[in-house]
Amino acid sequence: MNVNFSDKLALVGYTLDRRVAQPGETLRLTLYWRALSSMTVNYDLFVHVLGEDNQIWANRDAPLTDRAVCTNRWVPGTLVEETRELRLVEATPSDFYDIELGLHASGRGRLSILAEDGRQLDSRLLLTKIRVENSHE
């Protein structure tokens, strides 16, 4: 995997602790990032679990890594591991859901995902799918 975010950062891999969960449970998503260039901005990462009509069933929007190693201190080529916990809403119905993510900076908008030829594709990545099984339905 090598998803280029505006020639600033690349998502080079991920792990998810499981693909099936119950409402109210927490998923652990580990992301592996590589700095592509020097950055003057500290980027925030949003991660959502999305249902139909882009309804959000879990949300984590916070700085990419902690403020001690914020993105403006990353050296090009640096590989950084970041773990996010996504707690599903208790009322999440049984279904399949997308995990989406993207990067943004306050007042600057989202970074674009770039194709190999430099074309802008989108400002969010649909990373993978999960299944929620509600045993009380």
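Assorted remarks:
- Here is the list for the range 51-137: trypsin sites (Lys or Arg not before Pro) lying in DSSP coil, each with at most 11 other C-beta atoms within 10 angstrom of its C-beta, are 108, 119.
- Range of Cα positions in the range 36-110 per principal axis (Å), largest first: 43, 24, 18
- Placing dummy labels 7 Å off each Cα toward the beta-carbon, the span from residue 42 to residue 28 is 2.6 nm.
- Fully extending the segment from residue 134 to residue 94, taken as 0.36 nm per residue of separation minus the present Cα-Cα distance, adds 13.9 nm.
- Long-range tail of P(r) for the range 1-73 (Cα pairs > 16 Å, %): 59 percent
- Quarter the surface of the alpha carbon convex hull of the chain and you get the mean projected area, 8.5 square nanometres.
- The range 28-69: projected area of the alpha-carbon convex hull, averaged over directions, in nm²: 4.2 nm²
Computed from the coordinates by the stated procedures, all read-outs in this text should not be read as laboratory data. Remember, predicted model here, so these are calculated numbers, not experimental data. Positions of Cβ are generated from backbone atoms using ideal geometry, with glycine treated the same way; all protein chains shown enter the neighbour counts.
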